[in-house]
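To start, the structure under review is shown below, and the notes come after it.
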Amino acid sequence: MTYFSADESHAIALDQADPLASYREQFFLPRDPNGDPLIYFCGNSLGLQPKQTREIVTQEMDKWATLAVEGHFQTPRPWYGYQERLAEPMANLIGARPDEVVLMNSLTVNLHLMLVSLYRPTPTRYKILIDSPSFPSDTYAVKSQLVHHGFDPANSLIQARPRSGEETLHLDDLQQLIEDHQHELALVLLGGVNFYTGQAHEIATLAASAHQAGVCFGLDLAHAAGNIPLALHDWGIDFAVWCTYKYLNSGPGSVGGCFLHERHAKDTSLPRFAGWWGNDPETRFQMQLLPEFVPQPTADGWQISNPPILSLAPVASSLEIFEQAGMPKLREKSLRLTGYARWLIERLGSDRYEIITPAEPEQHGCQLSLYVHDRPQELFSALRSAGVVGDFRQPNVVRIAPMPLYNTFHEVWRFVRVLESL
Ligand SMILES: *Cc1c(COP(=O)(O)O)cnc(C)c1O
């Protein structure tokens with residue numbers, strides 16, 4: 001356990017010793033009416049804007065203004081192939097191979113596209129297991145897929161729930177559920193990091209359990225991509241989907257990411273919803289001359305439409321920053337930053353709230369979820385009035401997520417001071 005002290009000087013010393021401290025200057029920080037930066041702990045909902053992103057997007061706007069259609073081929077950064085060039089840095093961040101990764105659509109759309117290809121129910125093996133609390137969009141997507149295939153979600157959707165009196169899930173319980181339902185399960189879909197509790201699941205172990213039972217294993221990485229180390233290829237994950245506007249700082253509603261393990265990505269016989277951008281580029285522009293769809297033997301084969309450049313430009317910018325900072329260093333700082341927040345909060349010993357996010361390093365990312373027993377909404381509003389931006393999830397949880405790219409130890413210290421005063 002790292003040594004911490006509750007003195008303000010300790011927070012300042014931690015910032016001074018932080019090798020990533022200078023990255024904060026690369027971001028626009030939201031400010032209060034006096035012009036002072038707010039304590040922004042909401043990057044798990046919408047990441048902050050890197051200053052260079054504004055310039056990179058403006059360059060594309062200029063290209064459009066001055067070159068119009070020729071921007072597709074004008075260097076640097078021609079629009080044609082723009083998405084494909086991001087596959088490598090994106091893949092590095094999640095432990096994948098470039099051919100396994102595509103940036104397209106948004107998370108829930110990608111989840112549907114993955115289910116179209118990889119949820120292949122039979123009359124006996126058709127059930128889907130998800131974790132809880134589950135993000136509503138995921139539940140809607142999964143239920144609508146079940147209905148689409150003619151199943152009743154009431155007896156085909158299995159939800160892993162915490163033990164009574166607990167908030168987070170046990171690995172054993174998840175494994176037991178997979179075993180109990182092994183002959184009727186078609187798919188397991190888990191959140192890499194749970195949006196509500198901040199719990200990170202033991203993905204590699206669970207993927208192995210699912211595969212042992214012959215079950216497809218997919219992940220929602222909305223709260224994991226850019227937050228915790230991932231090795232999707234080596235873990236043999238079947239598919240994963242994520243968004244880029246949370247930990248990946250690519251702007252509201254920005255384009256989503258999608259991973260298909262090589263064994264699926266290469267399989268051009270997999271059924272899918274097709275569009276011209278998933279077609280082999282060699283014949284893509286034969287247009288009406290070649291009406292037969294020839295899928296690319298990579299994750300790009302799932303693209304339907306031509307990619308949104310104005311939405312990919314912020315992703316390109318963000319991935320540059322992640323590459324420079326490096327995920328191992330970011331994770332190291334994140335564990336200290338969030339560990340420091342936990343240590344200071346627990347030291348207060350309040351019985352008004354408790355941290356429900358697991359304490360073990362492998363079981364959490366940046367986020368701490370405070371389960372507030374008494375007047376949660378008031379506590380949240382008071383934090384906001386004091387300049388702390390977190391968020392509130394019904395019915396009882398205040399989420400705060402210090403980000404290693406732009407938050408400081410001193411901000412954590414100030415936040416806990418505010419908490420103490422409430
Ligand atoms: C943020 C989030 C989403 C968002 O879905 P979109 O399709 O990008 O709107 C989905 N699932 C989880 C778990 C999330 O946290």
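The values are calculated or read from the model by the stated rules, or taken from the named source; none is laboratory data. In this text the structure is predicted, and so the values were computed from the model without any measurement. Positions of Cβ are generated from backbone atoms using ideal geometry, with glycine treated the same way; all protein chains shown enter the neighbour counts.
Hand me the list of helices (runs of 4 or more DSSP H) wholly inside the range 49-158 holding 3 or more residues that are among the acidic types (Asp, Glu).
Those helices (runs of 4 or more DSSP H) span 51-67.
Can you tell me which residue among 142, 116, 188 is touching a Gly at 6+ places or on another chain (Cβ under 9 Å) and either crowded, with 20+ Cβ neighbours inside 10 Å or not assigned by TED's automatic domain parsing to the domain that holds residue 360 (or both)?
188
Select from the range 395-422 the residues that are among the charged types (D, E, K, R) and crowded, with 21+ Cβ neighbours inside 10 Å and write down the one among them that is nearest to residue 321 (Cα to Cα).
That would be 411.
Just to be sure I understand the filter: pairs with C-beta atoms under 7 Å, separated by 6 or more residues or on different chains, first member in the range 233-259 and assigned by TED's automatic domain parsing to the domain that holds residue 95, second member charged (D, E, K, R) and within 10 Å of the ligand (Cβ to nearest atom). Which pairs pass?
241/220
Give me the pairs: first residue in the range 2-25 and of a type in the set (S, T, N, Q), second residue at pLDDT 95 or above and in a helix (DSSP H, G or I), beta-carbon distance under 8 Å, and six or more apart or on different chains, which are they?
Going by the 8 Å Cβ cut-off, the qualifying pairs are 2/336; 2/339; 2/340.
Answer with yes or no whether residue 60 is more than 25 Å from the chain's Cα centre (by Cα) and at pLDDT 95 or above.
yes
Within the range 130-174, how many residues turn out to be within 16 Å of the ligand (Cβ to nearest atom) and in contact (Cβ under 8 Å) with a residue 60 or more places away in the chain?
Of the residues in that region, 6 qualify.
This table checks each residue for (1) at pLDDT below 95; (2) within 22 Å of the chain's Cα centre (by Cα); (3) not basic (Lys, Arg).
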{"site": "328", "(1), (2), (3)": "no, yes, yes"}
{"site": "337", "(1), (2), (3)": "no, yes, yes"}
{"site": "340", "(1), (2), (3)": "no, no, yes"}
{"site": "349", "(1), (2), (3)": "yes, no, yes"}
{"site": "387", "(1), (2), (3)": "no, no, yes"}
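Those residues that are in a helix (DSSP H, G or I) and touching a strand residue (DSSP E or B) at 6+ places or on another chain (Cβ under 8 Å), I need them from the range 159-192; list them, please.
173, 174, 177, 178
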